[in-house]
Amino acid sequence: SQKIEQNSEALNIQEGKTATLTCNYTNYSPAYLQWYRQDPGRGPVFLLLIRENEKEKRKERLKVTFDTTLKQSLFHITASQPADSATYLCALVEGDYKLSFGAGTTVTVRA
Amino acid sequence: DGGITQSPKYLFRKEGQNVTLSCEQNLNHDAMYWYRQDPGQGLRLIYYSQIVNDFQKGDIAEGYSVSREKKESFPLTVTSAQKNPTAFYLCASSPKVQVLIGYTFGSGTRLTVV
């Protein structure tokens with residue numbers, strides 16, 4: 001299985017600023033990479049998928065990049081809001097079905 | 001509404017007991033999964049099943065067992081052989097090829113050994 005590393009420290013940002021989260025992996029580049037949001041005591045919720053041949057993907061205020069040379073994905077939340085406060089997980093797709101997850105980065109947006 | 005239901009939300013186990021966590025989905029998904037989440041660690045795969053009556057071990061299957069007798073149901077038993085069972089357990093499901101839409105997760109069961 002892949003070793004997946006996300007920012008270990010929590011991210012505290014002011015409302016309106018951009019939060020940038022990092023996901024690094026160590027082995028082969030996966031064909032797909034996914035990002036999930038997890039609220040305390042809840043299961044993760046799927047946000048975005050990016051393919052290895054896509055450099056960037058956007059969904060509303062979210063932007064994901066995927067650099068297979070650096071073995072890294074960046075996740076940006078622009079114009080952040082307090083409601084964006086949560087833990088964000090990256091996941092690498094292995095085969096058709098199996099996901100390997102990072103430990104997540106907790107984001108707190110201050111009003 | 002379609003979704004995944006996990007029960008109970010909280011479960012307490014005495015030393016030496018087996019306990020079973022329930023997971024039911026009405027999404028008509030073929031594949032189902034059990035993950036364990038510990039503080040500061042990523043989700044770790046315990047077992048997964050792609051079709052009824054078939055399942056495979058994940059990365060940390062020791063001390064756990066599952067069954068898949070119905071498409072909708074994938075219960076997980078935490079046996080007394082699991083030495084450190086206190087954790088947050090998450091069940092998920094997906095279509096057989098899930099890459100484009102991700103997993104759908106339940107709300108989790110928090111298991112505590114007392």
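The values are calculated or read from the model by the stated rules, or taken from the named source; none is laboratory data. As the structure is a computational prediction, the values presented were derived from the model and not from experiment. Counting neighbours? That spans all protein chains shown, and the Cβs are built from the backbone with ideal geometry, glycine included.
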>> Consider the range B:1-19. How many of its residues are modelled with pLDDT under 90 and over 19 Å from B:S80 (Cα atoms)?
In response: 2
>> When the residues of the range A:94-110 are narrowed to those that are surrounded by fewer than 21 Cβ atoms within 10 Å (Cβ to Cβ) and at pLDDT 95 or above, which ends up farthest from the other protein chains (Cβ to nearest Cβ)?
In response: A:R110
>> Would you confirm whether or not the range B:83-94 contains a residue that is free of Cβ contacts under 8 Å to residues at least 24 places away in the same chain and β-branched (V, I, T)?
In response: no
> For the subset of the range B:65-114 comprising residues that are surrounded by fewer than 14 Cβ atoms within 10 Å (Cβ to Cβ) and of a type in the set (A, V, I, L, M, F, W, C), which member is nearest to B:E15 (Cα to Cα)?
Replying inline: B:V114
>> So, restricting to strands (runs of 3 or more DSSP E) that lie completely within the range A:22-111, which ones have at least 2 residues that are under 20 Å from B:I46 (Cβ atoms)?
In response: A:32-38, A:86-94, A:98-101
>> Can you confirm whether B:F88 is of a type in the set (A, V, I, L, M, F, W, C), within 12 Å of the chain's Cα centre (by Cα) and farther than 18 Å from B:A31 by Cα?
In response: yes
> Which pairs do you get when a residue that is without any contact (Cβ under 8 Å) to a residue 24 or more places away in the chain, found in the range A:5-19, comes within reach of a residue that is in a loop (DSSP other than H, G, I, E, B), reach meaning Cβ atoms under 7 angstrom, with the pair 6+ apart or on two chains?
Replying inline: none
> Given the conditions (1) within 12 Å of the chain's Cα centre (by Cα); (2) among the aromatic types (F, W, Y); (3) more than 19 Å from A:V109 (Cα to Cα), which single one is not true for A:W35?
Replying inline: (3)
> Do we have A:S73 as surrounded by 20 or more Cβ atoms within 10 Å (Cβ to Cβ) and more than 13 Å from the chain's Cα centre (by Cα) here?
Replying inline: no
